[in-house]
1. Assuming residue 344 fulfils every condition listed in (1) farther than 22 Å from residue 86 by Cα; (2) within 16 Å of the ligand (Cβ to nearest atom) apart from one, which condition is it?
2. Filter the stretch 143-170 down to residues that are farther than 22 Å from residue 228 by Cα and more than 16 Å from the ligand (Cβ to nearest atom) and give me whichever is surrounded by the fewest Cβ atoms within 10 Å (Cβ to Cβ).
3. Being part of a helix (DSSP H, G or I), farther than 20 Å from residue 268 by Cα and free of Cβ contacts under 8 Å to residues at least 12 places away in the same chain is true for just one of 327, 344. Which residue is that?
4. Do you know which residues across the stretch 283-298 are surrounded by 24 or more Cβ atoms within 10 Å (Cβ to Cβ), of a type in the set (A, V, I, L, M) and not in a strand (DSSP E or B)?
5. Would you check if there is a residue in the stretch 267-282 being in a loop (DSSP other than H, G, I, E, B), within 17 Å of residue 123 (Cβ to Cβ), of a type in the set (A, V, I, L, M) and modelled with pLDDT of 95 or more?
6. Quick check on the stretch 311-341: of everything there that is hydroxyl-bearing (Ser, Thr, Tyr) and in contact with a strand residue (DSSP E or B) (Cβ under 8 Å, 6 or more places away or on another chain), which residue is farthest from residue 78 (Cα to Cα)?
7. Can you pull out the residues in the stretch 233-256 that are in a loop (DSSP other than H, G, I, E, B) and under 23 Å from residue 213 (Cβ atoms)?
Amino acid sequence: MTAFRHSLHYLDVKKGPLPRSKAAFERARQVIPGGVNSPVRAYRAVGGHPPFIASGKGATVVDLDGNRYLDYVLSWGPLILGHAPKPVVDAVRAAAGKGTSYGAPTAAEVEMAEFLRSAFPSMQKIRLVSSGTEAAMSAIRAARGFTGRDDILKFEGCYHGHSDGLLVKAGSGLATFGEPSSAGVPADVARHTLVLPYNNLEAVRSLVKERGTSIAAVILEPVAGNMGVVPPAPGYLDGLREITKAAGIVLIFDEVISGFRLCWGGAQTVYGVEPDLTCLGKIIGGGLPVGAYGGRREIMEKISPDGPVYQAGTLSGNPLAVAAGLAQLKTLKANRSIYKRIAALAERLEKAFRGVTVNRVGSMLTPFFGPGPVTDWDSAAKADASKFAAFHQGMRERGVLLPPSQWEAMFTSAAHTDKDIERTIRVMREVGVA
Ligand code: PLP
């Protein structure tokens, strides 16, 4: 295991202003909307401007001003071995020397698909894509093509990427028809997305009773990570499985975060519930752009060129992404004790927090600055974003980088050491949350 750790030299001083990051951000804002290529990176929820990252190694990243941070963002989850682990870097280097993209099939893609299926047996056939957004969007198209139905059901607080039909929030009043949650999404598209609260089986039961024959798919994060961490209530996933099966609805688990992070085989293995389709993402690319969707043979055989559901991608199965992903997954497979260890590290953090509500599943955790229990979006939304912002800033100034929003997950990695956790807890005490 020591191969993945990195010896750390922290700056114990309070971080001052970040002049180089600030200048880079100002320059970025002239040419990139909000100065960032993904909105949450702009730090609007926590104030100030983001540190621009120059490099990462092990559990740490270094910003343009030379400050080193202990990192619990980990590229929003995928870096389960930490930054720049040797097996992944070596694999990318070797692959790059042989060409970066061919637009033709490779043996490594087949190996990756077989590998994914060995960990997720419910994924009988698998397509590689380039992002989690594409995986969820394509899984839904497959479900619609398979069932011949148009509507889908999603849950408040779950995020499945930024395709039109998934940028939808619950309608006002008692309506279950969704409304666009972004400008640019046609209401005509949003009305095919029904939205219900997470962890409420009765709501699903009554909706399916009323209009189940129009619903192609139910999609959810089996462990939610995008409203902060929210685990499924006991029996929730089993209940969804039972209801969808009886109504001929395709059950899609979006395991873009949970897959390979919670255990070998993801949330579906932890909770023992088999979906019809599964979406995987970033973690199977070891930090390179990748995604995958797959599941029951008869659904996946609807995909072009075998069937009538079109889905394609110039960079799908890209050789660098596949090489990085296979290297990360093989390392994980050979060191499965990692899961126990990173969960234990996260548990130490969980237990150290005082005065907040902490939700944790394995190595994913969120401190909610509000009352518990947090079981769905309504209860998560009670958290005080300004208290979180102050906490985030205090941690950042002391060299600990957290996701810059109250409603995200922190992650531990195989590169984090007990000493890192002790240091983090010391900083948590300094900012008054431990
Ligand atoms: N699904 C889930 C559960 C996610 O957390 C995310 C992104 O964080 C996505 C889908 C979208 O993935 P991507 O950002 O790679 O498009």
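1. (2)
2. Checked the stretch 143-170; the qualifying residue surrounded by the fewest Cβ atoms within 10 Å (Cβ to Cβ) is 148.
3. 344
4. 283, 284, 290
5. First pass over the stretch 267-282, keeping only residues in a loop (DSSP other than H, G, I, E, B): 272-276, 281.
The next check asks that each one be within 17 Å of residue 123 (Cβ to Cβ); those that pass are 272-276, 281.
Retained after the next criterion (residues that are of a type in the set (A, V, I, L, M)): 273.
Applying the additional criterion that residues be modelled with pLDDT of 95 or more yields 273.
Scanning the stretch 267-282, I find at least one residue that is in a loop (DSSP other than H, G, I, E, B), within 17 Å of residue 123 (Cβ to Cβ), of a type in the set (A, V, I, L, M) and modelled with pLDDT of 95 or more, so the answer is yes.
6. Among them, the one singled out is 316.
7. Scanning the stretch 233-256 gives 248, 249.
Results for (1) crowded, with 18+ Cβ neighbours inside 10 Å; (2) more than 16 Å from the ligand (Cβ to nearest atom); (3) under 26 Å from residue 335 (Cα atoms), shown as yes or no for each residue.
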position: 29; (1), (2), (3): no, yes, no
position: 39; (1), (2), (3): no, no, no
position: 54; (1), (2), (3): no, yes, no
position: 66; (1), (2), (3): no, yes, no
position: 76; (1), (2), (3): yes, no, yes
position: 82; (1), (2), (3): yes, yes, yes
position: 92; (1), (2), (3): yes, yes, yes
position: 132; (1), (2), (3): yes, no, yes
position: 136; (1), (2), (3): yes, no, no
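The values are calculated or read from the model by the stated rules, or taken from the named source; none is laboratory data. As the structure is a prediction and not an experimental result, all values here were calculated from the model. Every residue, glycine as well, gets a Cβ built from its backbone with ideal geometry; the counts of neighbours run over all protein chains shown.
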